[in-house]
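Notes to accompany the following structure.
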Amino acid sequence: MRTPARWAMTVGLTATAVCGPLSGAALADPGQAPTALYAPSALVLTVGHGESAIATTPERAVTLTCAPRPSGTHPAADAACAELQGVSGDFDALTAKEGVMCTKQYDPVVVTVDGVWQGKRVSYERTFSNDCMKNAYGTGVFSF
């Protein structure tokens, strides 16, 4: 009788030692642990002729991923990522290049940006008076 009692006690203590940390307050919250070494930065940029994104059909779209390294279908991903990092992802802070001469023709072009910049959701829309004005902004974020 002593052997089965000792065996049952050993199994019980082993089960407690193995399963104890898996219950109650010992469970770690999965949201507390980092899931990557860098915050994601992945964007989809579109362009179309019109005055607003809701009334315009996108004519072109590109992807731009800036972390861990510049990539995507954007034709100047390196320059675009460098420029966005320089303004901390603030699209409103992008300024026109100096010395660019554009006509005053009104042919509105709307650019949209949706995605994630350094882990934060981004949704941006801007209407330029024409394609030349769109291309004048920045070193290449909107040039695609």
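Is segment 55-73 home to any residue that is within 16 Å of Gln118 (Cβ to Cβ), hydroxyl-bearing (Ser, Thr, Tyr), out of contact with any strand residue (DSSP E or B) (no Cβ under 8 Å at 6 or more places or on another chain) and open to solvent by 30 Å² or more (accessible area, probe 1.4 Å)?
Checked segment 55-73: no residue is within 16 Å of Gln118 (Cβ to Cβ), hydroxyl-bearing (Ser, Thr, Tyr), out of contact with any strand residue (DSSP E or B) (no Cβ under 8 Å at 6 or more places or on another chain) and open to solvent by 30 Å² or more (accessible area, probe 1.4 Å).
So which residues in segment 75-115 are closer than 16 Å to Asp131 by Cβ, without any contact (Cβ under 8 Å) to a residue 40 or more places away in the chain and surrounded by 15 or more Cβ atoms within 10 Å (Cβ to Cβ), if there are any at all?
The one that is closer than 16 Å to Asp131 by Cβ, without any contact (Cβ under 8 Å) to a residue 40 or more places away in the chain and surrounded by 15 or more Cβ atoms within 10 Å (Cβ to Cβ): Cys102.
Return the residues of segment 95-121 that are at pLDDT 85 or above and in contact with a helix residue (DSSP H, G or I) (Cβ under 8 Å, 6 or more places away or on another chain); say none if nothing qualifies. Working first, answer last.
Step one: list which residues in segment 95-121 are at pLDDT 85 or above, which gives 101-121.
Once the filter is applied, which keeps residues that are at pLDDT 85 or above and in contact with a helix residue (DSSP H, G or I) (Cβ under 8 Å, 6 or more places away or on another chain), segment 95-121 yields Cys102, Thr103, Asp107, Val109, Val110, Val111, Thr112, Val113, Trp117.
From Gln85, Gln105, which residue is closer than 19 Å to Ala39 by Cα and out of contact with any Gly (no Cβ under 6 Å at 6 or more places or on another chain)?
On the way: Gln105 fails: closer than 19 Å to Ala39 by Cα.
Exactly one of Gln85, Gln105 is closer than 19 Å to Ala39 by Cα and out of contact with any Gly (no Cβ under 6 Å at 6 or more places or on another chain), namely Gln85.
Could you list, in sequence order, all residues of segment 101-118 that are under 21 Å from Ala55 (Cα atoms) and not in a strand (DSSP E or B)? Even if it seems obvious, please write down each step before you answer.
Within segment 101-118, the first condition is being under 21 Å from Ala55 (Cα atoms), and the residues that meet it are 105-115.
Gln105, Tyr106, Asp107, Pro108, listed by residue number.
Out of the residues in segment 28-62 that are of a type in the set (Gly, Ala, Ser), in a loop (DSSP other than H, G, I, E, B) and at pLDDT 85 or above, state the one that is farthest from Asp131 (Cα to Cα).
Ser41
The values are calculated or read from the model by the stated rules, or taken from the named source; none is laboratory data. None of the values given here were measured: they were computed from a predicted structure. Please note: Cβ atoms are built from the backbone with ideal geometry, for glycine as well, and neighbour counts cover all protein chains shown. Areas reflect the complete protein model, heavy atoms only, side chains present, ligands, DNA and RNA absent. Shrake-Rupley method; radii C 1.70, N 1.55, O 1.52, S 1.80 Å.
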